[in-house]
1. Can you tell me which residues in region 177-220 are hydroxyl-bearing (Ser, Thr, Tyr) and over 20 Å from GLY270 (Cα atoms)?
2. Could you please let me know if VAL240 is touching a Pro at 6+ places or on another chain (Cβ under 6 Å) and at pLDDT 95 or above?
3. Can you give me the number of residues within region 133-173 that are among the small types (Gly, Ala, Ser) and touching a strand residue (DSSP E or B) at 6+ places or on another chain (Cβ under 8 Å)?
4. Taking the conditions exactly as written (within 22 Å of HIS227 (Cβ to Cβ), among the hydroxyl-bearing types (Ser, Thr, Tyr) and either open to solvent by 10 Å² or more (accessible area, probe 1.4 Å) or under 13 Å from the mean Cα position of the chain (by Cα) (or both)), does THR40 satisfy them or not?
5. Would you point out the residue of region 167-181, among those that are modelled with pLDDT of 95 or more and outside any helix (DSSP H, G or I), that is surrounded by the most Cβ atoms within 10 Å (Cβ to Cβ)?
6. Give region 258-297 a look and list any residue that's open to solvent by 60 Å² or more (accessible area, probe 1.4 Å), among the small types (Gly, Ala, Ser) and closer than 30 Å to VAL240 by Cα, or say none.
7. Could you give me the residue pairs with C-beta distances under 7 Å whose first residue belongs to region 109-136 and is farther than 30 Å from PRO279 by Cβ, whose second residue is open to solvent by 50 Å² or more (accessible area, probe 1.4 Å) and assigned to a strand (DSSP E or B) wherever it lies, and which are 6+ apart or on separate chains?
8. Checking GLY67 against (1) at pLDDT below 95; (2) open to solvent by less than 50 Å² (accessible area, probe 1.4 Å), which single condition isn't satisfied?
Amino acid sequence: MNEAIEEAGSPARIRLDIAYDGTDFNGWGRQPILRTVQGTIEAALGSILRRFGPAPSLVVAGRTDAGVHASGQVAHVDLTAEQCGSLIRPQRDRNRGLDSDVAAALQRRLNGIIGQDGDVVVAAACIAPPGFDARFSAMWRRYEYRVADAVAVKDPLRRRSTAWYPGALDVERMDGAAAALCGLHDFAAYCKPRAGATTIRTLQSFRWAREADGVLVASLQADAFCHSMVRALVGACVAVGEGRLAPDDLIALRDASLRTSAFQVMPARGLVLTQVGYPDDLQLASRAEQTRAHRVL
């Protein structure tokens, strides 16, 4: 083993900020045969670190479904001292510089592999502070959902990130219904059930607005979202906007805590994970411990 590599390396947890167009991915989570975001990045990690032990796996802030996009996804990866040392070495790139920062070197080399398809990019990378856990340290996740109804300008260049709706929607009714759903509740009526998983969430904010081009944009923030929760909440508001449901119906459905067919879950293409929020560095470990505790009403 090269002595310079051994001396340079020390174990590190790397935070990765990731953006991707989810159209051609079968969601975030690694799956056999199917192309996923996690599988794509981990394959690149395996290629970069193939001579330095087993390829590390990613821990993500929030697993996105097939077709869902992200502009602010966060994940972390743990590297051994040997793996870190292998990244800190002179590189014969166009600048003929020295990769002295493990995180910067990893970002550059990952993008050199996964960036060829152009639908996933590591936007930033840094050494994570002590106690950081991409999933359990997170305070909140923020999503946006775009709907182009009959009033909006339908931009074909945004078709992969916007759901098109044939009728006209009442944004004021939708916004009022959305705001009334916020708080700590059991959102089982708006979640696809998973064995052993809780459906209790704190929906911190949920608003609708119509942009200058007429496109309706929903902004949602919660401590966490369960499976299909955002698309179900959006679908329920669309039903209110077209007049099929009253705003109070959404509260009654939520409080019944039963999966319902009163509205349609919206398609994945309109949904983007835009940001994940974390506490101050000194509170990262305690936040992770708190999040692991079982949620109760």
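The values are calculated or read from the model by the stated rules, or taken from the named source; none is laboratory data. Predicted model, so just to flag it, every value in this text is computed and none were measured. Heads up, the Cβs are rebuilt from the backbone with ideal geometry, glycines too, and the neighbour counts pull from every protein chain shown. These accessible areas exclude ligands, DNA and RNA; they are computed on the full protein's heavy atoms, side chains included. Shrake-Rupley method; radii C 1.70, N 1.55, O 1.52, S 1.80 Å.
1. THR198, THR199, THR202
2. Considered against the rule, which asks whether it is touching a Pro at 6+ places or on another chain (Cβ under 6 Å) and at pLDDT 95 or above, VAL240 comes out as yes.
3. 6
4. In short, yes.
5. Only one residue tops the list, namely LEU169.
6. SER261
7. Qualifying pairs under 7 Å: GLY115/VAL121.
8. The number of the failed condition is (1).
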